[in-house]
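One structure follows; several queries about it will come next.
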Amino acid sequence: MNRKYWVGLSLIPGVGSLRVKRLIEYFKTPERVWRASKKELVSVPLIGSKLAQKIIDTRSRINLELFLRECKEDEIHILCLEDSEFPVNLKQIYDPPPVIYYRGSFKKEDLHSIAIVGSRKMTVYGRRVTRTLVRELVKIGFTIVSGMARGIDGNAHQTAIEEGGRTIAVLGSGVDVIYPKEHGKLYQEIIQSGAVLSTYPPKTPPEKGNFPARNRIISGLSYGTVVIEAGVRSGAMITADQALEQNREVFAVPGSIFSTMSQGTNELIKKGAKLTTSVQDILHEFGGLMKEIKISPRGKNLKYTAVQEQIITLLKEREMGIDELVGALNLDISKLNAILLELELLGLVIQYPGPIFALN
């Protein structure tokens, strides 16, 4: 029963998550909010006479049963804040949205999400960094969250899909409004490999003011946010700020001091964001968390490969540096790093500065 009224509150212009929180605290249930008189509504902090009237006008012209039925027919799913399936990470931020609309599916493993954001004007460097980091993160088992924008965002989603991983796109429009339009194919692929979601009701156009608010959802769904190429005043920088406010980790990929696309990321590093040149830089911030959630490489079983067994045998003898391991195994360093990373996440290997590797 409450679901209907949660949805009703989400349809009222000007009633954002903080005002909904105040209303629920005062009236205890969304149904009582929906049925409250104007006199009752204006007695709530942050709800003035004008907004109280807007609530009354909205509920008088909306048929909630019809709205819910149309969503179901359009395969638009709805989760309310009190639903057990509501994303845990998002529920923990200080101003979680009361309702999210989505197409696709959420899975338990989506708890382990990393946001990848960056410039719409992606450079060759930005594309290469995005693909490298996303490939490794997906291989480990992370779900990739981004905003389906042109440039870095779209590339992050596409790489996750190509690698057989899960990905979630957060829109600044209704979940049934594809923006940008050229991402129609990507939109369908994301639905098959995760979810497209929005806090805005269906049919909401992609208005400029919607995007800063949606950025807090991107960061809120994720353990941390990785910024790859960003101007000083950009949506990616807003997402980083939101992540910090939510007490989430922020990672920034350094770039050329001569590139405007790296001014934002370089500035984030100056302010204390984790300088990120490899996926290991991300994972080191989640060392304790990795053991707690027991995240493991997607699609892998616990049987060791021949190379993994060789590494374990070598490290039984003594600690070894990366160059020594490259020489002993005759492997490309990028491939070796990926294998060592898997062994770290399985709790078998520890990396020390150097980098030096030892058995755990």
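Just for region 1-31: of the residues that are under 20 Å from residue 70 (Cβ atoms) and of a type in the set (Ser, Thr, Tyr), which one is surrounded by the most Cβ atoms within 10 Å (Cβ to Cβ)?
Here the residue is 10.
Can you name every residue in region 1-60 that is over 16 Å from residue 97 (Cα atoms) and hydroxyl-bearing (Ser, Thr, Tyr)?
The answer is 26, 37, 43, 49, 58, 60.
In region 120-128, is there at least one residue being in contact (Cβ under 8 Å) with a residue 12 or more places away in the chain, among the hydrophobic types (A, V, I, L, M, F, W, C) and touching a strand residue (DSSP E or B) at 6+ places or on another chain (Cβ under 6 Å)?
no
Output the qualifying pairs, or none if there are none: Cβ atoms under 6 angstrom, residues six or more apart or on different chains, first residue in region 256-267 and within 12 Å of residue 237 (Cα to Cα), second residue assigned to a helix (DSSP H, G or I) and open to solvent by less than 80 Å² (accessible area, probe 1.4 Å).
From residues that are within 12 Å of residue 237 (Cα to Cα), the pairs are 264/237.
In addition: Restricting to region 157-176, give me the number of residues that are surrounded by fewer than 17 Cβ atoms within 10 Å (Cβ to Cβ) and in contact (Cβ under 8 Å) with a residue 12 or more places away in the chain.
Looking only at that region, the number is 1.
Mind listing just one residue for me: the one in region 47-99 that is β-branched (Val, Ile, Thr) and in contact with a strand residue (DSSP E or B) (Cβ under 8 Å, 6 or more places away or on another chain) and, of those, farthest from residue 7 (Cα to Cα)?
76
When you scan region 259-277, how many residues do you find that are in contact with a helix residue (DSSP H, G or I) (Cβ under 7 Å, 6 or more places away or on another chain), open to solvent by 30 Å² or more (accessible area, probe 1.4 Å) and among the small types (Gly, Ala, Ser)?
0
Oh, and also: For region 58-74, enumerate the residues that are in contact with a Gly (Cβ under 9 Å, 6 or more places away or on another chain) and in a loop (DSSP other than H, G, I, E, B).
Answer for region 58-74, where residues must be in contact with a Gly (Cβ under 9 Å, 6 or more places away or on another chain) and in a loop (DSSP other than H, G, I, E, B): just 62.
If I ask for residues that are of a type outside the set (Gly, Ala, Ser) and open to solvent by less than 10 Å² (accessible area, probe 1.4 Å), which ones from region 140-152 would you list?
Result: 140, 142, 143, 144, 145, 148, 152.
Return the residues of region 32-55 that are surrounded by 15 or more Cβ atoms within 10 Å (Cβ to Cβ) and either over 16 Å from residue 22 (Cα atoms) or not charged (D, E, K, R) (or both); say none if nothing qualifies.
Hits for region 32-55 are 33, 34, 36, 41, 42, 44, 47, 51, 52, 54, 55.
Could you identify the single residue in 189, 229, 245, 207 that is open to solvent by 30 Å² or more (accessible area, probe 1.4 Å) and in contact with a Gly (Cβ under 8 Å, 6 or more places away or on another chain)?
207
Condition first: assigned to a strand (DSSP E or B) and on the phi > 0 side of the Ramachandran plot. Now tell me which residues in region 193-246 satisfy that.
Across region 193-246, the qualifying residue is only 194.
Separate question: Quick test for you: out of 75, 109, pick the one residue that is within 23 Å of residue 154 (Cβ to Cβ) and surrounded by fewer than 15 Cβ atoms within 10 Å (Cβ to Cβ).
Step by step, each of 75, 109 is checked, and only 75 is within 23 Å of residue 154 (Cβ to Cβ) and surrounded by fewer than 15 Cβ atoms within 10 Å (Cβ to Cβ).
The values are calculated or read from the model by the stated rules, or taken from the named source; none is laboratory data. For clarity, every value in this text was computed on a predicted model and none was experimentally measured. In this analysis, Cβ positions are derived from the backbone assuming ideal geometry, glycine residues included, and neighbour counts consider all displayed protein chains. Quick note on the areas: whole protein, heavy atoms, side chains included, nothing else; ligands and nucleic acids left out. Shrake-Rupley method; radii C 1.70, N 1.55, O 1.52, S 1.80 Å.
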